[in-house]
Amino acid sequence: MELPFGVKLLLLLAAALLSIIVGIVAGILARLNDARLPDCIARGGMAFGAAMTLLVLVLSSLGALA
């Protein structure tokens with residue numbers, strides 16, 4: 001059974017929101033480690049990208065996005 005488009009969109013939005021939270025936490029942790037602001041932004045962006053990639057890969061392999 002294929003999921004409706006609205007459910008797929010909600011799953012992607014949930015993955016994006018979770019990735020944003022991961023990126024924010026990574027940036028805050030970098031800042032607490034006395035990193036400069038551009039480094040904190042870069043680390044947060046890399047964490048966001050990695051988390052989003054991983055979550056979309058998991059959703060795809062579970063068949064939720066097929």
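The values are calculated or read from the model by the stated rules, or taken from the named source; none is laboratory data. Keep in mind the model is a prediction, meaning the values are calculated, not measured. Positions of Cβ are generated from backbone atoms using ideal geometry, with glycine treated the same way; all protein chains shown enter the neighbour counts.
One table, with the values for the structure above:
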{"read-out": "Identity of the residue in the stretch 1-54, surrounded by 13 or more Cβ atoms within 10 Å (Cβ to Cβ) and not in a helix (DSSP H, G or I), that ends up modelled with the highest pLDDT", "value": "Ala35"}
{"read-out": "The stretch 21-64, residues that are polar (S, T, N, Q) and over 25 Å from Met1 (Cα atoms)", "value": "Asn33"}
